[in-house]
Every structure is written in structure tokens, then in C-alpha cells.
1. Could you please find all residues in region 41-68 being in contact (Cβ under 8 Å) with a residue 24 or more places away in the chain and among the aliphatic types (A, V, I, L, M)?
2. Does R4 satisfy the condition of being free of Cβ contacts under 8 Å to residues at least 24 places away in the same chain, surrounded by fewer than 10 Cβ atoms within 10 Å (Cβ to Cβ) and more than 15 Å from the chain's Cα centre (by Cα)?
3. I'm checking my understanding of the structure. Among residues of region 38-50 that are surrounded by 11 or more Cβ atoms within 10 Å (Cβ to Cβ) and under 18 Å from the mean Cα position of the chain (by Cα), which one is nearest to Q87 (Cα to Cα)?
4. Give the residues of region 22-39 that are charged (D, E, K, R) and either without any contact (Cβ under 8 Å) to a residue 12 or more places away in the chain or under 10 Å from A89 (Cβ atoms) (or both), sorted by residue number.
5. Return yes when L65 is assigned to a loop (DSSP other than H, G, I, E, B), touching a Gly at 6+ places or on another chain (Cβ under 9 Å) and not polar (S, T, N, Q) and no when it is not.
6. Do you know which residues across region 59-74 are exposed (fewer than 15 other Cβ atoms within 10 Å of the Cβ) and either within 21 Å of L29 (Cβ to Cβ) or of a type in the set (A, V, I, L, M, F, W, C) (or both)?
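Each reported figure results from applying straightforward, stated rules to the coordinates on display, with no laboratory input. Keep in mind that this is a model prediction, so the values were computed, not measured. We place every Cβ from the backbone using ideal geometry, glycine too, and count neighbours over all the protein chains shown.
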Amino acid sequence: MKDRLDQLRKRILDIDGELVRLLAERARLALEIGRIKCDLGVPLQDPDREREVLKNAKRIPHHPLEPSQVDALFTRILEICRDAQIQAAPAAGSGRS
């Protein structure tokens, strides 16, 4: 029983590492998107796109997570990436909405 517990905890640590790497890659892509948006002079926040991302995330099989939990996770991920875009914007107020 203890061996199984250790195996499961090890797998969770492995998954946590994968999650952090994937979130970092997502953040890098979001920063690049933010730079492009600034160059184009468009707002960094795009509510329609954020709704699309949330809708797509909830389509992915997520049992045993509840749809509201998936929504909360992705809402926070979007907030973090948007904040990074705003902080990286070349000038205060540039492209923000």
C-alpha cells in the first residue's frame, strides 16, 4: 500500500512538472501575441477570444473535474497571461482596454 502511495505521489510530481512547463510555454506564446497586438495597436484584452478559450477548455474531457473547476482554472490562466502581456507592454496604457 505504501509503495502505491509513493508511486502515485511521484506521478503527481511528474505531472506538476509537465504542467509548469506547458504553462510557461503558454505564457511565452501569450507574450508574443501581446507584442503583436501592441504593434497592431489593438487592445490586449479580447473578451470574445477569452470566451472561446474557456468554451474550448470545457469541451476537453475533464472528469473528475467539474466544468466550473475547469472554468476557474482557465480563467486564472488567462488572467495571469493577460497580466504578463500588460506588464510587458512597451508603454503604460499601450494597447490596453
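1. Keep residues of region 41-68 that are in contact (Cβ under 8 Å) with a residue 24 or more places away in the chain, which gives 41-45, 50, 53-54.
Listed by number, the residues that qualify are V42, L44, V53, L54.
2. Working: free of Cβ contacts under 8 Å to residues at least 24 places away in the same chain: yes; surrounded by fewer than 10 Cβ atoms within 10 Å (Cβ to Cβ): yes; more than 15 Å from the chain's Cα centre (by Cα): yes.
Here the answer is yes, as R4 does meet what is asked.
3. Looking at the filtered set, the residue picked out is L44.
4. Applying the first criterion (charged (D, E, K, R)) to region 22-39 yields 25-26, 28, 32, 35, 37, 39.
Answer for region 22-39, where residues must be charged (D, E, K, R) and either without any contact (Cβ under 8 Å) to a residue 12 or more places away in the chain or under 10 Å from A89 (Cβ atoms) (or both): E25, R28, E32, R35, K37, D39.
5. Details: assigned to a loop (DSSP other than H, G, I, E, B): yes; touching a Gly at 6+ places or on another chain (Cβ under 9 Å): no; not polar (S, T, N, Q): yes.
For L65, the condition - assigned to a loop (DSSP other than H, G, I, E, B), touching a Gly at 6+ places or on another chain (Cβ under 9 Å) and not polar (S, T, N, Q) - is not met.
6. So in region 59-74, the residues exposed (fewer than 15 other Cβ atoms within 10 Å of the Cβ) come out as 59-69, 72-73.
Passing the criteria: R59, I60, L65, A72, L73.
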